[in-house]
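Quick one: the structure is below, and I'll ask about it shortly.
A short reminder: the numbers here are calculations on the coordinates, not readings from a lab. The shown structure was predicted, so the numbers you read here are calculated from the model rather than taken from an experiment. Here the Cβ is made from the backbone with ideal geometry for all residues, glycine too, and neighbour counts use every protein chain on show.
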Ligand code: BDR
Ligand code: CA
């Protein structure tokens, strides 16, 4: 199974991504690192610990990461994810403490200890990975790829043009793009195909265990936020798309393209620019960009994982 670290800011959809990775036999979740984003890094860390406790994955170390971006103002997503960053159903108290190492040192140790490349799945701002490659450039070759939820080939959500994760730390994404590492972007254009419609939430609620019911509760809270803020009928469940893409390569369709992130625009800071039509002939493709999701297969994989976790 493939060694994986999830760098996240849980967050309702991050939480589901964690459950999915824990449940998947083809993935070997070596660590979880946390970042500010949907909430403060303190809350994100506590939420990650609670979610792993719920999943029975108390052996997975959780390293606390960045409190804010490399530069620019702090942006938080509590207006979507609630006061705690993971409001809604009651969760168990954490059964373990955070790892004594911070996110960067935990990541560095995981990279050093793995004989094969480690996949970094980033479902929050890119700050921790940027700090890692700046502090430990010698470890870049130990990263198999960076697959991240963020950006879009189309419009944004936190601002009209910028998606939240890329808005929250555009310089960090830029640093990671400059490394030349294999990068895969799972943007809003993809994740808006992953809507937790009523039938999906019902299937979660009907599971005869606390994991399924907790997921249904998360989707309920998340769905209310999406109705209120963006007038969506159902919430897009962004972050697990990265993990599903690792589990089953056929669920997501990819296009190779030049990807950049705007650092300076007066209104467009944090906006991703994806050249799908070769309009910048001098810019070589530097990323794989997700374009199409097999929605039925996506929910089959997610629901199956939740079902198995709760029954184990
Ligand atoms: C992203 O921002 C957060 O609200 C979600 O967890 C996801 O990572 C979507 O823009
Ligand atoms: Ca997230």
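How many angstrom lie between the Cα centre of the range 58-109 and the Cα centre of the range 135-153?
19
Also, I was wondering about something else. If you build the convex hull over the alpha carbons only and average its shadow over all orientations, what do you get for the range 163-312? Give it in nm² to one decimal. Before the final figure, lay out each step's value.
Values: hull surface 41.4 nm².
With every direction weighted equally, the projected area is 10.4 nm².
Residues of the range 294-312 with amide nitrogen under 15 Å from the 7 Å Cα-to-Cβ point of residue 197?
294-300
One quarter of the convex hull surface, Cα atoms only: what value does that give for the range 111-218 in nm²? Before the final figure, lay out the partial values.
Working: hull surface 36.0 nm².
Approximately 9.0 nm², given one-decimal rounding.
In addition: Based only on other Cβ atoms within 10 Å, what is the fewest-to-most ordering of 312, 152?
Details: 312 11, 152 23.
The most exposed by this proxy come first: 312, 152.
How many angstrom lie between the Cα centre of the range 200-261 and the Cα centre of the range 1-55?
The range 200-261 and the range 1-55 have Cα centres spaced 14 Å from each other.
Where Rh denotes the Kirkwood radius from the mean inverse Cα pair distance, what is Rg over Rh for the chain?
Values: Rg = 17.7 Å, Rh = 19.0 Å.
Radius of gyration over Kirkwood radius for the chain works out to 0.93.
Quick one: order 84, 71, 115 by neighbouring beta-carbon count within 10 Å, fewest to most.
On the way: 84 18, 71 10, 115 6.
Least to most surrounded, the residues fall as 115, 71, 84.
When the C-alpha atoms of the range 54-112 are aligned to their principal axes, what extent does each axis show, in angstrom, from largest down?
38, 36, 15
How are the alpha carbon pair distances in the range 239-312 distributed across 5 Å bins from zero to the largest one, expressed in percent?
Going out from 0 Å in 5 Å bins, the range 239-312 shows 3, 14, 18, 15, 15, 12, 10, 7, 4, 2, 0 percent.
Taking only the alpha-carbon positions of the range 179-239 and ignoring solvent, what does the Debye formula give for the base-10 log of I(q)/I(0) at q = 0.13, 0.19 Å⁻¹?
Each listed q corresponds, in turn, to -0.42, -0.71.
Nearest 0.05, what FRET efficiency do residue 67 and residue 115 give at R0 = 41 Å with Cβ-Cβ as r? Write down the numbers at each step before the final one.
Working: r = 33 Å, r/R0 = 0.80.
It comes to 0.80.
Over the chain, what is the relative contact order in percent, taking alpha-carbon pairs closer than 8 angstrom and at least six residues apart?
On the way: 722 pairs, mean separation 60.5, N = 312.
Relative contact order of the chain: 19 percent.
If you don't mind, another one. Based solely on its DSSP helices, what 222 nm [θ] is calculated for the chain when runs of n ≥ 4 H residues each add -39,500 (n - 2.57) and the sum is averaged over all residues, nearest 500 deg cm²/dmol? Don't jump to the answer; show the numbers that get you there.
Values: 12 runs with 122 residues, N = 312.
So the calculated ellipticity at 222 nm is -11500 deg cm²/dmol.
Kindly put 1, 40 in sequence by how many other C-beta atoms sit within 10 Å of each C-beta, fewest to most. Could you put the intermediate results ahead of the total?
Details: 1 9, 40 19.
Placing the least packed residue first, the sequence is 1, 40.
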